[in-house]
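The values are calculated or read from the model by the stated rules, or taken from the named source; none is laboratory data. Worth saying up front: this structure is predicted, and the values here are computed from it rather than measured. Neighbour counts are summed over all protein chains in view; Cβ atoms, including those assigned to glycine, are modelled from backbone coordinates with ideal geometry.
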Amino acid sequence: MAPLIEVGAGLVGDLTGRENIYLNGAILGIAKAEIKRKFYDIVAFAELEEFIDTPIKCYSSGMQARL
């Protein structure tokens, strides 16, 4: 249970923010079309517009938590 509480749980460090959004959506069973429709809302909520195509391993812990 403890690893799931960690910041960035479920994120793959070598993938970009964009790739992680699609991957985690797929893992949760969300259709790709629905993820695509909500993508910009997710990015805006996380305030990561400038960094969405940067690998997660370069994100601060706060950025990872928002994503």
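List every residue pair whose Cβ atoms sit under 9 Å apart, with the two residues 6 or more apart in sequence or on different chains, where the first one lies in segment 10-38 and is under 19 Å from Thr54 (Cα atoms) and of a type in the set (D, E, K, R) and the second, anywhere, is in a loop (DSSP other than H, G, I, E, B) and modelled with pLDDT under 95.
Filtered contacts from segment 10-38: Glu19/Val12.
Quick check on my filter: what residues within segment 41-55 are at negative phi and charged (D, E, K, R)?
Asp41, Glu49, Glu50, Asp53
Got at least one residue in segment 48-64 being without any contact (Cβ under 8 Å) to a residue 24 or more places away in the chain and of a type in the set (Lys, Arg)?
The answer is no, given that none of the residues of segment 48-64 is without any contact (Cβ under 8 Å) to a residue 24 or more places away in the chain and of a type in the set (Lys, Arg).
Residue by residue through segment 25-67, note down the ones that are of a type in the set (S, T, N, Q), surrounded by fewer than 16 Cβ atoms within 10 Å (Cβ to Cβ) and not in a loop (DSSP other than H, G, I, E, B).
Across segment 25-67, the qualifying residue is only Ser61.
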